[in-house]
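Visitor: Got a structure here, written out as structure tokens. Questions coming.
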Amino acid sequence: MANTSNDPARVLASLLEGGQAMLRSFGHGTPSPPEPGKSDPMGDFIAATQQIAGMQQEFWKQALAYWSAIPGAAGVAQVPAETVDSDRRFAAEAWRNDPRFDLIRRSYLAYSNFLQNSIESAQIDEKTKAQVRHGMRQFIDAMSPSNFLVSNPEALQLAKETGGKSLTEGMNLFFEDMAKGRVSSTDEKAYEVGKNIAVTPGAVIFENDLIQVIQYKPTTDEVYQRALLLVPPAINKFYILDLQPENSFVRFALDQGHTVFLLSWRNIDASLGRLTWDDYLDQGVRQAIDVALAVTNADKVNALGFCVGGTLLASMLAVLAARNEDKVSSMTLLTTMLDFTDTGEIGSLVTEHSVAAREAAIGSGGVMQGKELAFTFTSLRANDLMWQYVVNNYLKGKAPPAFDLLYWNADSTNLPGPMFCWYVRNTYLENDLRQPGKTVQCGEEVDLSLIDIPTFLYASREDHIVPWRTAYQSTQILAGDNTFVLGASGHIAGVINPPAKKKRNFWMAGEAGPDPERWLGTAQSVPGSWWPVWSQWLAQHAGDKVPARVKLGNRDYRKIEPAPGRYVKAKAE
């Protein structure tokens, strides 16, 4: 009989067999039936374990066939050394100290590399290839040996050292997360909105069914005449812009002498499931602009939109331009897309079939669940945003530490079905928004090129949600004087980068034109935060300084409740 002790696939199969058997035997148990009308989370879990066990078994069956078909491949992982050594999932020495687990690690990476290369060499169109690439990466990430106790030497070693306590703690954390319906990435008990997060002093001075408008208390004796209105993404809670005092964008703007207003979106429930994109423009953005103008009695406001908030803001300003209404002095767009030609990996998930299915289900009324949107974004970086917490929480029994950005990320928000469907079809699917007159919004044929005001455009170089080159294309659409700045890091960490931290860098003052690579090649790299550069730019469009208003609101817009208000505290059902 041939010696198979050095055959990677056979070693892997034998090591994983026990884990698979354990999952299958657990899955074959007979749970108690759920009470009528109630969900069965244990049944869902058992079904999931059966599916994972089957997937894992199939993965290594294919791996065995792969290795067996390559003469001389046994014991040699055919994958670049830099890939093997740089993967953070296998950074611990435990993966190298034991030859068996070193072989597991190298074999997994080699077979993963083979599968990915097979997709790249396939003779299929790029749209289909992107979809297959996404699905294959989800499968490969899920099948990592680091995700399973029986093939994770770190978890096994820790279980031995703690006498099994790490596994007990991990099981407790698992059942806590099962009750939540998601994997925890931070200590959610460490934060409370309005208590130690989103605590900048202010008041809600207006509300309707869709929004609350918050005015914040000035921190300077004098303020600019024109206020600053912040429009956060409707997909998430606003307090990404007001986390803790040391990293609050709101507080920074106040300290620069701006009167700050902020739009807080409602977390949609079934009663609001018929709201449309036009409702978000008219009852949301336009209403907030009018409130800020009425309270400050200024001729105009400065407006800032973040991500989808920026898309909404630009759409509303195009509507106002069509009506010859001049209410906004300048616009700031943070990680925002107006041209959806290249939307990165998210775009590969949007097809005519998937959009039509959504329209049939919730296009005339219903709710797009925030947790479903959150999972989609998580899947784009599953190793960083999900699997590392599965390993640390459940296999190692280590509760995640407190992290305000991840707390915000887990606080999902629902959207009304008609609004969501209009947005996805007219942006990701058909890219109608950038085409003059192609969309009718609030009764107006929208032309983004009619927005002829100074605009500050910020993008993040490593953004996996809004590719920076796509964000740059807004410079070719908007008619005004555009200033483009590119920050380091990703979609959120690049934006929330307070100057006091002295972290990262950004690029500015590149050569204007249609080519983003030309812009970057001629741009200047500057250390630290981009916030001060934006503040200097905004001051040019904010008017003269006047004494700060002691009282928030006015006779028509009185204080309803303290900031951050009720709407932001509502949890998605």
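Visitor: Among 419, 508, what's the order by accessible area (1.4 angstrom probe), most exposed first?
Guide: Greatest to least solvent exposure: 508, 419.
Visitor: For the pairs 371/503; 371/501; 398/502; 180/237; 180/559, flag any whose C-alpha to C-alpha distance is greater than 23 Å.
Guide: Over 23 Å Cα-Cα: 371/503; 371/501; 398/502; 180/559.
Visitor: I would also like to ask the following. Could you please report the charge total around residue 432, scoring K, R as +1 and D, E as -1 over all other residues with beta-carbon less than 13 angstrom from its beta-carbon?
Guide: Net charge in that neighbourhood comes out at -1.
Visitor: How big, on average over all directions, is the shadow cast by the Cα convex hull of the range 227-337, in nm²?
Guide: On the way: hull surface 29.8 nm².
Averaged projected area of the range 227-337's Cα convex hull equals 7.5 nm².
Visitor: Which of the GluC sites (Glu not before Pro) found in the range 168-247 are loop residues per DSSP with 16 or fewer other Cβ atoms within 10 Å of their Cβ?
Guide: 192
Visitor: In the range 298-417, if every C-alpha pair distance is counted and binned at 5 Å from zero, what percent goes to each bin?
Guide: For the range 298-417, the pair-distance distribution reads 2, 8, 11, 16, 17, 14, 13, 10, 5, 2, 1, 1, 0.
Visitor: Tally the DSSP beta bridges in the range 204-297 and give the antiparallel ones as a percent, rounded to 5.
Guide: Values: 8 of 11 bridges.
Just about 75 percent of them are antiparallel.
Visitor: I'd like to compare 132-139, 465-472, 439-446, 308-315: which one has the highest average count of other Cβ atoms within 10 Å, and what's the full order after that?
Guide: The most tightly packed comes first, giving 308-315, 465-472, 439-446, 132-139.
Visitor: Right, next: What does the convex hull of the alpha-carbon atoms of the range 303-353 project to on average, in nm²?
Guide: Details: hull surface 18.2 nm².
Hull-based average projected area comes out at 4.5 nm².
Visitor: Tell me, what is the 1.4 Å probe accessible area of residue 103, in Å² to the nearest 10?
Guide: 30 Å²
Visitor: Any idea of residue 464's accessible area? Nearest 10 Å², probe 1.4 Å.
Guide: 50 Å²
Visitor: Starting from the Kirkwood radius over alpha-carbon pairs of the range 372-498, derive D by Stokes-Einstein at 25 °C in a medium of 0.890 mPa s and give it in µm² s⁻¹.
Guide: The Stokes-Einstein estimate is 140 µm²/s.
Visitor: Here is a follow-up. Rg/Rh for the range 429-573: what does it come to with C-alpha atoms and Rh from Kirkwood? List each step's numbers first, then the result.
Guide: On the way: Rg = 19.1 Å, Rh = 18.4 Å.
Dividing the radius of gyration by the Kirkwood radius yields 1.04.
Visitor: Given a 1.4 Å probe and heavy atoms of the protein chains only, how would you sort 148, 506, largest accessible area at the top?
Guide: From most exposed to least exposed: 148, 506.
The values are calculated or read from the model by the stated rules, or taken from the named source; none is laboratory data. Everything numeric in this text was worked out from a predicted model, so none of it was measured. No Cβ is skipped: glycine too gets one built from the backbone with ideal geometry, and neighbour counts run over all protein chains shown. Accessible surface is based on the protein model in full, side chains and every heavy atom, while ligands, DNA and RNA are left aside. Shrake-Rupley method; radii C 1.70, N 1.55, O 1.52, S 1.80 Å.
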